[in-house]
Structure formats: C-alpha cells, structure tokens
Amino acid sequence: MESELKDLNSKPPKPNGNATVRDDRPLLKSDSVSSVSSTSESVEELEKKFAAYVRHDVYGTMGRGELATKEKLLLGFALVTLLPIRVILAFTVLCCYYLICRVCTMFSAPNREDEQQEDYAHLGGWRRAVIVACGRALSRVMLFIFGFYWITHSHTTMEEDKRQPEEARRPGVIISNHVSYLDILYHMSNSFPSFVAKRSVAKLPLVGLISKCLGCVYVQRESKSSDFKGVSAVVTERIREAYQNKSAPLMMLFPEGTTTNGDYLLPFKTGGFLAKAPVLPVIIKYPYQRFSPAWDSISGVRHVIFLLCQFVNNIEVIRLPVYYPSQQEMDDPKIYADNVRRLMATEGNLTLSDIGLAEKRIYHAALNGLFSQC
C-alpha cells in the first residue's frame, strides 16, 4: 500500500538547532530525471540513478531476469504444490475475518457520515475487542501462510525513554519505513493501528470493510484540492486523540509515501508530525536469499506469485524508543520529521535518499520501455 499525506504547513529546516541529529550516512542525490529515456539509457545506468528501487535478488530487474536451472526447478515445483495451497488458505483466512467484521459491525453505523472517512475503529465493548483480537491473530496466521514462520524483534531503549512515566510512553503515531504491502500485515498483527489508504481501498470486496474496522483514513492520490488539508486535519486529530486517550486506536504512517527495496530511506512527509505528539519509530527488514519480498520495481501479480512460491520468508523488526520532540521540533515539523528519519537510518543501517514517488514512476516507465523492446 502506498500511502501519501501532503507536506502541509511545514517550514524550511533551521540550521544548528539543538534538536538536530548529526548523521554522516551517505545521501543518494537525485539527478535531473526529466531527460531519462528508456531508449537512451541501459538498465545499469538507470539503476545508478534510482538505486532505492533496484532489485538485487535472483529474479533480477522487475522479476524478469534469467533464472538458473535450479531456480527454475524450485519455482516450477512450488507453482504446482505450494502456491495453490497458500492461495486457498489465505483466501479462507481473509473470508473468515471479513465475516467476523461483518458480524461485529452489524446494526452499527460508521463513526463518520462522510463516505470517505467513515470507519468502525471507535466501536466499544465486545465488538471492538473481538475485531482487534481476531485481526491481530489472523494477520499473524496470514504471515505464517506466506512463509513468515518467525519474526525477529529487537528493541532499543534509551535513558530518556526510561525516565518517562509509564502513562507518558504511549506514542500518538507509529512511524515506519515502507518496503512491501506485507508491512501492513505485520503492523496489524502487532498493534492493529489505523492507516492512511487510497480511497479505492474502501470499495474493495472483503478488504473494504476490514479497512474501515481498522479505522483507515482515505485519501485521493495526486489530489490537488483542499481535500488533502481536510485529510491532514483528520490525521492530526486522530494522532492527538491516540496520544491522549489510551483506548483510542493508534495511527500508523509510512511517511516515505511509497515503497523501496529496503536498503534506503526516502524523505519523510510531515503530516505525521504536525500533531507535535511523540512518535514510535519502527524499522522493518526482509532478509532473503532468493526472492526479495520488497515491492519496488516488480508488478503486483508477479510479486505475489514469487512470494508464495518461496518456501521460507523472513522479517526483522527494530523497534526504537518513543521519540519525544523538543520545542524546536514541535515548532517546525520539518525538523521533527528529518531528525526521526536520520535516527531511523542510523539505527537501521539504511542509506538516506532524496528521490521519491515521481522518480520511481520514471524508473518504472523507463524499465517498461526497455523490456518492451526486447
């Protein structure tokens, strides 16, 4: 899922502030991409410019590389055995959870009358308890079906976090890097937060109702209207509510706005930092030997097929301490976002990049042009 929240009401970063986190990690600079042509540049040249979206697994660029004989045999065996079993099991789990959500929301009206913002995240009593408990359990079951049998967690604790009273350690929002649609399943299994999603998600069969039970905030991608300001206000309100009320659902944001290959960290949008509330940084990695679960420059259908044909997949999660903004960071969300980003890059051993979704689309278009000529 590629969630976008416009960079609203942010000021330029101020130099030499007390809240600045120093970091000497390499920064991938974005070249002038307007002149990129699929007919004039090779795959190698494109990969240098758009390194954050380049695949390095055995399936090659866009999952269309030439496979060794051993890989072909493994893939062929998995296609006729593992793939159909996993598809049936995954669809069964999805339908089961949909029915649970349907029962729990029966005779209940959404919390908001606006069709684009309606949700069931604020249901109380047994209904909410069942939705959350079953959602977390079945999300973990879904990951198990996909081959993620173990999830490795590591936690970092800082003295500042230890000094905070227990009731003050709750963040208003979870901030995570974005590598794959699988990120959502992990976060659902761990904390069951609300996400920012495209409006079209709310209308999808089965998934639409589940997204409303999660409390998703829906946006129209590439919208230039004032709708984005309304969405930003809703997200900010929800973050403040989650920070002040422990029974309110947490917000979960991918401030990069799109997925990478997992080795880079793109610039952060400031939408998740406007509320001036503490944030919980989470870093997700997918170690691999054959197929990379990162959803970068490969088509969705091809990615799902290769993922389900891989016998074992791995997730590593690094949970950092709750990050409490300084006064300077609360005054300037751009500084707040940049400091959290640099901290995550340092702790997750990620390379900072200043390219974004626009460059990703250019890279995809160039690759499609090259492969169409083959």
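The values are calculated or read from the model by the stated rules, or taken from the named source; none is laboratory data. Predicted, not measured: the structure shown is a model, and the values here were computed from it. Cβ placement follows ideal geometry from the backbone for every residue including glycine, while neighbour counts extend to all protein chains displayed. Heads up: the accessible areas ignore ligands, DNA and RNA and are worked out on the full protein's heavy atoms, side chains in. Shrake-Rupley method; radii C 1.70, N 1.55, O 1.52, S 1.80 Å.
Identify the residue in region 189-207 that is touching a Gly at 6+ places or on another chain (Cβ under 6 Å) and crowded, with 20+ Cβ neighbours inside 10 Å and, among all such residues, is modelled with the lowest pLDDT.
Once the filter is applied, the top-ranked residue is Ser194.
Working only within region 264-305, note down all residues that are part of a helix (DSSP H, G or I) and either in contact with a Pro (Cβ under 9 Å, 6 or more places away or on another chain) or open to solvent by less than 10 Å² (accessible area, probe 1.4 Å) (or both).
Gly271, Gly272, Phe273, His303
If Glu316 satisfies all but one of (1) open to solvent by less than 50 Å² (accessible area, probe 1.4 Å); (2) within 23 Å of Met188 (Cα to Cα); (3) part of a strand (DSSP E or B), what's the number of the condition it fails?
The one condition Glu316 does not meet is (1).
Give all pairs with beta carbons closer than 9 Å in which a residue from region 235-249 that is more than 12 Å from Ala275 (Cα to Cα) meets a residue that is open to solvent by less than 10 Å² (accessible area, probe 1.4 Å) and among the polar types (S, T, N, Q); count only pairs at least 6 apart in sequence or on separate chains.
Pro249/Ser194
Failed condition for Leu67, given (1) farther than 30 Å from Lys203 by Cα; (2) touching a residue at least 40 places away in the same chain (Cβ under 8 Å), with all others met?
Here Leu67 clears every test but (2).
Could you grab me the full set of residues in region 52-90 that are part of a helix (DSSP H, G or I), modelled with pLDDT of 90 or more, of a type outside the set (D, E, K, R) and open to solvent by less than 50 Å² (accessible area, probe 1.4 Å)?
In the first step, residues of region 52-90 are kept if they are part of a helix (DSSP H, G or I); the result is 52-53, 61-63, 69-80, 82-90.
Of the ones still in play, those that are also modelled with pLDDT of 90 or more are 52-53, 69-80, 82-90.
Still in the running and of a type outside the set (D, E, K, R): 52-53, 69, 73-80, 82-85, 87-90.
Selection gives Ala52, Tyr53, Leu75, Gly76, Ala78, Leu82, Leu83, Ala90.
Among the residues of region 337-348, is there at least one that is open to solvent by 40 Å² or more (accessible area, probe 1.4 Å) and either outside any helix (DSSP H, G or I) or over 17 Å from Ala52 (Cα atoms) (or both)?
First pass over region 337-348, keeping only residues open to solvent by 40 Å² or more (accessible area, probe 1.4 Å): 342, 346-347.
Filter again for either outside any helix (DSSP H, G or I) or over 17 Å from Ala52 (Cα atoms) (or both), leaving 347.
Within region 337-348 (the criterion being open to solvent by 40 Å² or more (accessible area, probe 1.4 Å) and either outside any helix (DSSP H, G or I) or over 17 Å from Ala52 (Cα atoms) (or both)), the answer is yes, since at least one residue qualifies.
Among the residues of region 310-328, are any under 16 Å from the mean Cα position of the chain (by Cα) and not hydrophobic (A, V, I, L, M, F, W, C)?
Yes: one or more hits.
Mind checking whether some residue in region 246-263 is of a type in the set (A, V, I, L, M), in contact with a Lys or Arg (Cβ under 8 Å, 6 or more places away or on another chain), in a helix (DSSP H, G or I) and crowded, with 19+ Cβ neighbours inside 10 Å?
Checked region 246-263: no residue is of a type in the set (A, V, I, L, M), in contact with a Lys or Arg (Cβ under 8 Å, 6 or more places away or on another chain), in a helix (DSSP H, G or I) and crowded, with 19+ Cβ neighbours inside 10 Å.
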